[in-house]
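Here's the structure we're looking at; comments come further down.
The values are calculated or read from the model by the stated rules, or taken from the named source; none is laboratory data. Quick caveat, the model's predicted, so the values are computed rather than measured. All Cβ positions, even for glycine, are placed from backbone atoms using ideal geometry, and neighbour counts span all protein chains on display. Note: accessible area is taken over every heavy atom of the protein model, side chains too, but ligands, DNA and RNA are not part of it. Shrake-Rupley method; radii C 1.70, N 1.55, O 1.52, S 1.80 Å.
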Amino acid sequence: MVIGEYPEAHGYAPLRAYAQPVFSGNRFIPVDSEFERSMLRALLGARYALDREGIDIAIEKPVFDRLTPLGSCRPDFMLEARSRRTGEIRTLIVEAMGFSNEEYLASKAATHPRMAQIAPVVCITPEDLEAGHVGSILAYALLG
């Protein structure tokens, strides 16, 4: 919310505001949908499984576009994985593919090559999430 002087209010008043959905009341991480909220919950859970494999994961939810040589894009999630054994650091982009309509898929098809300029892109579908495959998908993408 932006507060400022408003002549008719004879003092300060709210000038404009917006609501942003967040992951939870304890974690103010912006999300775009309930599917993204579930995806983030699965990523947080996968972090513990990867920890047992000696991998530390940092999860970032970008709120601004990233500029690449192919144009701008905004990944759903960016993961930075660090091996405690080797010290190797890998970055991975995770895309929450929550819809299957043609317009949505066309927009993702345009942005995925841009995202691939930043890091490898892994797409997670609702079916992957429901089957509990997020951790294994991430492990495969990071460990090969």
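All of Ser83, Ser38, Ser24 fail the test of being modelled with pLDDT under 90 and among the small types (Gly, Ala, Ser), apart from Ser24.
Applying the set (1) out of contact with any Lys or Arg (no Cβ under 8 Å at 6 or more places or on another chain); (2) surrounded by 11 or more Cβ atoms within 10 Å (Cβ to Cβ); (3) farther than 18 Å from Gly132 by Cβ; (4) of a type in the set (A, V, I, L, M, F, W, C) to Ala81 leaves exactly one unmet item: (1).
Determine, yes or no, whether Pro113 is exposed (fewer than 14 other Cβ atoms within 10 Å of the Cβ) and modelled with pLDDT of 95 or more.
Numbers: exposed (fewer than 14 other Cβ atoms within 10 Å of the Cβ): yes; modelled with pLDDT of 95 or more: yes.
Taking the combined requirement at face value, the residue satisfies it.
For Gly54, state whether it is open to solvent by less than 50 Å² (accessible area, probe 1.4 Å), more than 12 Å from Glu95 (Cα to Cα), small (Gly, Ala, Ser) and out of contact with any strand residue (DSSP E or B) (no Cβ under 8 Å at 6 or more places or on another chain). Here the answer is no, as Gly54 does not meet what is asked.
Under the condition of being in a strand (DSSP E or B) and either crowded, with 16+ Cβ neighbours inside 10 Å or not basic (Lys, Arg) (or both), the residues counted in segment 1-51 number 12. Among the residues making up segment 80-127, those that are within 16 Å of the chain's Cα centre (by Cα), among the small types (Gly, Ala, Ser) and farther than 16 Å from Leu138 by Cβ are Gly98, Ala116. Among the residues of segment 84-103, just one is among the hydrophobic types (A, V, I, L, M, F, W, C), in contact with a Lys or Arg (Cβ under 8 Å, 6 or more places away or on another chain) and open to solvent by less than 50 Å² (accessible area, probe 1.4 Å), namely Met97.
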